[in-house]
Amino acid sequence: MIDWLIKQISTQWIAIITAIAGFIAWKQEHSKLIVRADEKTQRISEIGLNNGTSLVNKKSSTQRLSVWLINPSEDDVSFFDLRVTLNTHEVFYYTNLTFNSMNNLNGIKAESITPVNADGISNEPIAVWLPQANYGTVQSHGFVQLDLIFHSKEPCENGIVLMKLAQPHNLLGRLRHSRFVPKCLRPKRGFVFSETKEVSLPFHVKEVS
């Protein structure tokens, strides 16, 4: 039996290595969040609230940008430090908490927006999902939509959405964190177990109103 096994390995080693490499590549590809975003923002005339009223901004143009996070893996994956920049400066966007505090609303949530299109203000509101915070977790095989609502005083060709994504450890990284590894080979104190990778998604603010 042992001789047969050795013979099979010696004659099929190329196929075995190919299978292992394919599995590793598949695992790495399916352990990461898939992130997509609109290529341009959408103008908003008002934000609908869950109490039946609406919030109209008259100071500067209100814009909406949707970001989608898809998790095809078997594990929950987190994101951190979600930011929005226009040209060279960072802009403020609404989360559920800041939306309430900035507009003096208590226990009221944004649930829709009324877009502005080429023909004017639309009669059909669109549901929105403001981020809970600038970080979060996408459940295994899950999907999250984040609607980033912010103000822009002028068009912008160089808008960017930035965020950090948690990355899975490779085999070497897992071994270094094992309690069975000598202390001299372990990461230094304060080393964060979950490695992160920053992604950037470009977009444009074509029109303001």
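What follows is calculated from the coordinates using simple rules that are stated; it is not laboratory data. Source: prediction; values computed, not measured. All Cβ positions, even for glycine, are placed from backbone atoms using ideal geometry, and neighbour counts span all protein chains on display.
Computed quantities for the displayed model
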item: Protection proxy ranking of 63-75, 108-120 - average other beta-carbon atoms within 10 Å, highest first; result: 63-75, 108-120
item: Cβ-Cβ FRET estimate between residue 143 and residue 209, R0 fixed at 25 Å, reported to 0.05; result: 0.20
item: Two-site FRET efficiency, residue 160 against residue 34, from Cβ-Cβ distance with R₀ of 25 Å, rounded to 0.05; result: 0.85
item: Exposure proxy ranking, count of Cβ atoms within 10 Å, fewest first, for 160, 47; result: 160, 47
